[in-house]
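Notes follow once the structure below has been shown.
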Amino acid sequence: MATVDSAHASDRSDRSDRSDRSDRSGRSGRGRPRRRGERSRRASVGLHLALLLAAVIAVFPPFWLLVTSFKPKSDTFTLSFLSDFTLDNYDHVINDTEFLTWFGNSVLIVVVTTVVGVLISATTGYALSRFRFPGMRPLMWTLLITQMFPMAVLIVPLYNLMSRYGLLNQPVALIVTYLTIAVPFCAWMMKGFFDTIPVSIDESGRVDGLSPFGTFWRLVMPLARPGLAVTGFYTFVTAWAEVAYATAFLTGETNLTLAGGLQTFVNQHTQDWHLMTAAAVLIAVPATLVFGYAQRHLQSGLTAGATKS
């Protein structure tokens, strides 16, 4: 009798095992259970749609600016998509305005600001990273505090200072102003980047007989190219796209930069939006080329500068 009961118990156990296996196989047929943190298909579709919508919102304004620049004045505010394609806007901006003069003024200011700003930021960041000297902490606090002031607050005192020294309507006024904006931030960023470069490289340079500046220029600077690219790009954008100081410190059509020249197309007297869009596209081209050249270093430079400070 005991043998029969054990046989029945074994049979029930086998049926239970088969049912458990069938349940597991059924669940696996409907789809494997999600791992922790894994999104469902619906959530993934919703995320991609949201990202697509955000991309469209971000790209549409510059795209429509480009489209409008090829429209005649009568179609500026219409929703037509290049129904009457024309290059007259670009021809007028380049040949019938002072655009090339503005472009030359901007290039001069931007090149000098970028070169001087990168040099000052790199040397300052290297000194703060490698040396300990009297006044170091006050200098670091000064660089940090100067970034807290809004640009609009500084226009009046800087204007009075430039007027006192006779620098108004001179490119040097904007160069000095843009350096005061870019150098504090870039010096902090370069300090964080130099902190990631081993000090042993400096020591090996001194063993080989290099001076501190020779070590900095020959050994450290080549390793700091990503940080220098970020610094140069930030300084370039600061000087290329700034409007408030450019319009306050420079007057006269031949003295303007590109930012100030844009305001001659749309002001209280004229409303030439078709010309302004064409000029804006021409202004965006150099910035796009510079970004395309520097973008391979931007991510590594920003990351390295943020890892240690």
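Roughly speaking, what is the stretch gain from Thr101 to Arg132, that is 0.36 nm per residue apart minus the C-alpha to C-alpha distance, in nm to one decimal?
Result: 6.5 nm gained on full extension.
Please report the net charge: other residues with Cβ closer than 14 Å to the Cβ of Leu223, K and R +1, D and E -1.
After counting each charged neighbour, the total is +1.
Can you pull the one-decimal nm distance between simple spin-label points at Glu253 and Arg296, each 7 Å off the Cα toward Cβ?
So the two model labels end up 4.3 nm from each other.
When a footprinting reagent is the concern and you count Cβ atoms within 10 Å, what order do Asp202, Asp88 take, fewest first?
Sorted ascending by nearby Cβ count, the order is Asp88, Asp202.
Could you put Val290, Val230, Val45 in order, starting from the residue whose Cβ has the fewest other Cβ atoms within 10 Å?
Fewest to most other Cβ atoms nearby, the residues stand as Val45, Val290, Val230.
For Ile145 and Val115 in one chain, what is 0.36 nm times their gap in residues minus the Cα-Cα distance, to one decimal in nm?
The Ile145-Val115 span can extend by a further 8.4 nm.
What is the fewest-to-most order of Met189, Met148 by other Cβ atoms lying within 10 Å of their Cβ?
The order, fewest Cβ neighbours first, is Met148, Met189.
Quick check for me: using +1 on Lys/Arg Cβ and -1 on Asp/Glu Cβ, what's the dipole size of the range 162-309 about its Cα centre, in debye to the nearest 20?
With only Lys, Arg, Asp and Glu charged at Cβ, the dipole is about 240 debye.
Values quoted throughout were computed directly from the atomic coordinates according to the rules given, and no laboratory measurement underlies them. Note that the structure is a prediction, hence the values are computed from the model and not measured. A quick note on method: Cβ atoms are made from the backbone with ideal geometry, for glycine too, and the neighbour counts reach across all protein chains shown.
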